[in-house]
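Down below is the structure, laid out as structure tokens.
Rule-based calculations on the coordinates, nothing more; no lab input. This structure is a prediction, so every number in the text was calculated from the model and none was measured. Cβ placement follows ideal geometry from the backbone for every residue including glycine, while neighbour counts extend to all protein chains displayed.
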Amino acid sequence: MFIRSVKVPSSNGTLHEYVRIVSSVREDGKVKQEVIANLGRRDTLEAILPQLMRFLKGEEEPQQLAQELGREGPIEVLDASTWGPMLVARHFFGQLGLWQLLDAGKRWSKLLPSEDPDDDWISRVLVLIANRLVRPSSEHALAEWLEADYICDRAGRR
């Protein structure tokens, strides 16, 4: 294993440097490199490097490290959902004009239940299409996919 630095340009033109742990793996007789962990942006890591070094040397408990970083309690992952595929699906949904097409159909359709006029069924259509594109599976497996991936409606609400 070794550490690799990757420079990635952002949309506003600034260049961010990310640090990764990489391992060499042999597949079909060829050596390929596999990312083991993304450690984050280099500037962020440099800011916490002194605390991290004390922690790795055993001089500091995780609780103390969390307090030094301005956090209460132990460090924990709150949410690690996947959101990239849904953003791509939403982009293409808009590019294809499906929001406007389904909104127009909503006005004249008599097939929809009239129980809840505020029901955003078009967002549910997006979720079903995104599920088929990202992880095609049964409708029963859709619930598991909804737990693991970040899915949002038209307004961006989860």
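Using only alpha carbons, build the gyration tensor for segment 2-68 and give me the equivalent ellipsoid semi-axes, biggest first, whole Å.
Details: eigenvalues 161, 81, 11 Å².
Semi-axes from the Cα gyration tensor: 28, 20, 8 Å.
With charges only on Cβ, +1 for K and R and -1 for D and E, what is the dipole size of segment 2-68 about its Cα centre, in debye, rounded to 20? Can you show the working numbers first?
Numbers: 10 positive and 10 negative charges, 79 e Å.
Result for segment 2-68 is approximately 380 debye, rounded to the nearest 20.
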